[in-house]
């Protein structure tokens, strides 16, 4: 008797969102099946991998990364160009750590100048992230969205506290893409998507950042939330949850003790760099396997490993 594979036929489809412009623009989403289930239905676009850079010199980064970027890290535009040419990620994530009110507190105008210089220096898509200070992020994004007009950037992130400002400037006024950031909760994710839709931002212009954690730090709760979101989007055809997911893995994995503990403090753990890379890769591969459409990493070895993985799985 011939073998007949059982196929799960879902009613829903994940929206396809385009970021960037020209030949180097990327598309994420588009699935009609759960992650990597090519045998069920259209698996959509392959996951995309981006590299994180910052608007200021990364004092807290490990020595090998500071050595790699020593000639460019003081100039975000040169840094971005170096990353595009030497590392070849699918996109770059520019994180505005310098605007943190508890740090340098750079003005929105300063941030806008940096963003404009960076986006004009590269041809691949640009994702723009703030400081996690929601009030300040809203202020800098208002200026940055205008400065990068026409480049179809993705802004991370619109939260419950600032979605009106971020959604209006990024999604409505300048036609960028908006990342809706919630905190590992399907209901909060759905609510924020609904609020952005009511504001006037099209579902096709929204991505979701539903939270992240490093492996070993409540990661199974994150995985179960992504599972529930994808099953509702596909199985129940819930259009309020059919946005692709982008996960800034590096924002979390480089802050846990296994990544930051110096070798002299924990010699039994081995190389700090190897530890951090392993945690970053483990976290990124796990979230891709359950449904993330794009991830952001910091280390070039993580990028290389993940790009090889996604190309083999495509």
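Looking across region 154-175 at every residue that is under 26 Å from residue 237 (Cβ atoms) and either out of contact with any strand residue (DSSP E or B) (no Cβ under 9 Å at 6 or more places or on another chain) or crowded, with 20+ Cβ neighbours inside 10 Å (or both), the one that is modelled with the lowest pLDDT is identified as 157.
Any idea which of 160, 142 is in a helix (DSSP H, G or I) and more than 22 Å from residue 250 (Cα to Cα)? Walk me through it before giving the result.
Values: 160 fails: in a helix (DSSP H, G or I).
Going through 160, 142 in turn, just one is in a helix (DSSP H, G or I) and more than 22 Å from residue 250 (Cα to Cα): 142.
Checked against the criterion of being under 17 Å from the mean Cα position of the chain (by Cα) and surrounded by fewer than 20 Cβ atoms within 10 Å (Cβ to Cβ), the candidates 284, 289, 266, 261 yield just one match: 289.
Scanning region 5-23 for residues that are outside any loop (DSSP other than H, G, I, E, B) and either exposed (fewer than 14 other Cβ atoms within 10 Å of the Cβ) or without any contact (Cβ under 8 Å) to a residue 40 or more places away in the chain (or both) returns 22, 23.
Here is the figure for region 35-78: residues that are part of a helix (DSSP H, G or I), touching a helix residue (DSSP H, G or I) at 6+ places or on another chain (Cβ under 8 Å) and within 23 Å of residue 125 (Cβ to Cβ) total 4.
Of all residues being in contact with a helix residue (DSSP H, G or I) (Cβ under 8 Å, 6 or more places away or on another chain) and in a loop (DSSP other than H, G, I, E, B) in region 176-196, which is surrounded by the most Cβ atoms within 10 Å (Cβ to Cβ)? Just the residue, please. Even if it seems obvious, please write down each step before you answer.
Of region 176-196, the ones in contact with a helix residue (DSSP H, G or I) (Cβ under 8 Å, 6 or more places away or on another chain) are 176-178, 180-182, 184-186, 189-190, 192-196.
When the remaining residues are screened for being in a loop (DSSP other than H, G, I, E, B), the result is 176, 182, 184-185.
Numbers: 176: 26, 182: 22, 184: 17, 185: 15.
The qualifying residue surrounded by the most Cβ atoms within 10 Å (Cβ to Cβ) is 176.
Condition first: more than 14 Å from residue 105 (Cβ to Cβ) and in contact with a helix residue (DSSP H, G or I) (Cβ under 6 Å, 6 or more places away or on another chain). Now tell me which residues in region 129-148 satisfy that. Those that are more than 14 Å from residue 105 (Cβ to Cβ) and in contact with a helix residue (DSSP H, G or I) (Cβ under 6 Å, 6 or more places away or on another chain): 138, 141, 142, 143, 144, 145, 147, 148. Scanning region 285-314 for residues that are closer than 20 Å to residue 30 by Cα and free of Cβ contacts under 8 Å to residues at least 40 places away in the same chain yields 285, 309, 312.
So is residue 199 surrounded by 23 or more Cβ atoms within 10 Å (Cβ to Cβ), closer than 25 Å to residue 157 by Cα, in contact (Cβ under 8 Å) with a residue 12 or more places away in the chain and over 20 Å from the mean Cα position of the chain (by Cα) or not? Lay out the reasoning, then the answer.
Details: surrounded by 23 or more Cβ atoms within 10 Å (Cβ to Cβ): no; closer than 25 Å to residue 157 by Cα: yes; in contact (Cβ under 8 Å) with a residue 12 or more places away in the chain: yes; over 20 Å from the mean Cα position of the chain (by Cα): yes.
Here the answer is no, as residue 199 does not meet what is asked.
The values are calculated or read from the model by the stated rules, or taken from the named source; none is laboratory data. Because the structure is a prediction, the values reported are computed rather than measured. Note that each Cβ is placed from the backbone with ideal geometry, even for glycine, and that neighbours are counted across all protein chains shown.
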